[in-house]
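Reading through the structure tokens given below for one structure.
The values are calculated or read from the model by the stated rules, or taken from the named source; none is laboratory data. If you're wondering where the values come from, they're calculated on a predicted model, not measured in any experiment. Note that each Cβ is placed from the backbone with ideal geometry, even for glycine, and that neighbours are counted across all protein chains shown. The protein model used for the area step is the full one, side chains on, heavy atoms only, and it has no ligands, DNA or RNA in it. Shrake-Rupley method; radii C 1.70, N 1.55, O 1.52, S 1.80 Å.
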Amino acid sequence: MKNVNVLISGASVAGPALAYWLHRHGFNPTIVERAPALRDGGYAVDFRGEAHLSVLRRMGIMADIEHARTGMGSMSYVNSAGKPQAKLPADLFAGDIEILRGDLARILYDATKEHTEYIFGDSITSLTEDDHGVTVTFERGTPRRFDLVIGADGLHSNTRRLAFGPEEQFVKHLGVYCAIFTTANHLGLDHTGHAYRTAGRLVAMYSARHNTQAKAVFYFGSPTLDLDRRDVARQQDVLTEHFTGNGWQSERLLRDMRYAPDFYFDSVGQVHMDTWSRGRVALIGDAAHCPSSLSGMGSGLALVGAYVLAGELAAAHGDHRVAFARYEEETREYAAGCQKMGDGVAKLMVPGNRFLASLLNRYYKVMPYLPGKNMAADIARKAAENITLRDYSDLSRI
Ligand SMILES: Cc1cc2nc3c(=O)[nH]c(=O)nc-3n(C[C@H](O)[C@H](O)[C@H](O)COP(=O)(O)OP(=O)(O)OC[C@H]3O[C@@H](n4cnc5c(N)ncnc54)[C@H](O)[C@@H]3O)c2cc1C
């Protein structure tokens, strides 16, 4: 086996999942994560269809996932007085299994920590490749050599910037911003959520951790904003400017936001690249092909990509040229299908004017009685299942 020492940048979903499979196939993974510790927070992510579920089963973590599942029911769209106007079914939002992103990251970390070197609080600053490997320098640690480097560092991937160029070339803003944080379940929601849509804005709250807390979610339409991604205070000010006077629970949630233990804020974007590898560096998960946070596909896609990349490296006995090309062949069409979902949802999520917002609210009201009521869930399922996974188990070393 060639190229056994693999550095992965990012310890969220794609990175630890890749480390898991690399170890199973006899490689030696190291993960560098910029955050000082494993990052909690974020909203619920879903898995739907056989491809996602079979990867979870093959990883042996299905029982942990089941244990932590949110068990969410339907989502109601409410009017300004909080009165439910329309109910959307659970499978549209939650897929087959829904889990909080932070819980998923923890389960993946626990499944890999014994056989993966984790370096927290550091970040790659340069990658210099030669015929035998890559010399990697870090913000804090001393330079090291690795055989391969994989970027699993999300929508704003640092590895992608270093190996492929500035993110403006690859990230497409879908015209929507999103903020999510943990708050008190002051509405007493019971495994359910309420959403309130106005022109260009949507604010929602849903219960989490079996109703002991809630997640507040804000979406607003906007062209790209010039914001420092680490400047939380400024992001919170921007959110306040957009939602002051919006009605329903907006003001209360904006006040609570200032005390939230976690705060996620990002543009809703997609990543489009002609190739996901360059020499000894490759990308997986959102770094390679983010379908956008509105697609409901990001985490499932990240898991599938990690499974295939590790499997193809094993099948090619570590020959990265063969394996990286095969990884793209196996997953590119699948990723493109998931991205299509994200595009469509972004257009519907926050319609730009009052007429469209009210039309959509009315449509949701009658949707359960229409013949095509399951259409959206069916489209999502079809996209999620549009891959036949190879069985790499005979290549496993443990
Ligand atoms: C804290 C957090 C909250 C999130 N919340 C939501 C949410 O509410 N809704 C949603 O749709 N999606 C959310 N996401 C994104 C979602 O997790 C991904 O879309 C999906 O799971 C694919 O995962 P990924 O591992 O490819 O990328 P991500 O989950 O984005 O993970 C990327 C990882 O790389 C790390 N990283 C970034 N830069 C560097 C660097 N320079 N060096 C080393 N590590 C780096 C990040 O800290 C993160 O741990 C969130 C991600 C994070 C990290």
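Some observations on this one:
To keep it simple, each residue is scored yes or no on (1) open to solvent by 10 Å² or more (accessible area, probe 1.4 Å); (2) of a type outside the set (A, V, I, L, M); (3) in contact (Cβ under 8 Å) with a residue 12 or more places away in the chain; (4) assigned to a helix (DSSP H, G or I).
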{"residue": "294", "(1), (2), (3), (4)": "yes, no, yes, no"}
{"residue": "300", "(1), (2), (3), (4)": "no, yes, yes, yes"}
{"residue": "311", "(1), (2), (3), (4)": "no, yes, yes, yes"}
{"residue": "326", "(1), (2), (3), (4)": "yes, yes, yes, yes"}
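- Restricting attention to region 28-37, the residues being buried (at least 23 other Cβ atoms within 10 Å of the Cβ) and either without any contact (Cβ under 8 Å) to a residue 24 or more places away in the chain or away from the ligand (no atom under 11 Å from the Cβ) (or both) number 1.
- Scope region 146-172; condition of a type outside the set (Phe, Trp, Tyr), farther than 23 Å from residue 229 by Cα and in a strand (DSSP E or B); matching residues: 148, 149
- Taking the criterion of being farther than 17 Å from residue 183 by Cβ and without any contact (Cβ under 8 Å) to a residue 40 or more places away in the chain, the residues of region 239-257 that qualify are 241, 244, 245.
- Which numbered condition residue 280 fails, given (1) closer than 30 Å to residue 23 by Cβ; (2) within 14 Å of the ligand (Cβ to nearest atom); (3) surrounded by 18 or more Cβ atoms within 10 Å (Cβ to Cβ); (4) touching a residue at least 60 places away in the same chain (Cβ under 8 Å): (2)
- Tally of residues being within 16 Å of the ligand (Cβ to nearest atom) and in contact with a Pro (Cβ under 9 Å, 6 or more places away or on another chain) across region 208-261: 0
- Residue 20, sole failed condition from (1) in contact with a helix residue (DSSP H, G or I) (Cβ under 8 Å, 6 or more places away or on another chain); (2) crowded, with 20+ Cβ neighbours inside 10 Å; (3) closer than 23 Å to residue 367 by Cβ; (4) of a type in the set (Ser, Thr, Tyr): (3)
- Any hit, region 64-75, residues being out of contact with any Lys or Arg (no Cβ under 8 Å at 6 or more places or on another chain), of a type outside the set (Val, Ile, Thr) and over 19 Å from residue 207 (Cα atoms): yes
- Count - residues of region 200-214 that are touching a strand residue (DSSP E or B) at 6+ places or on another chain (Cβ under 7 Å) and open to solvent by 10 Å² or more (accessible area, probe 1.4 Å): 4
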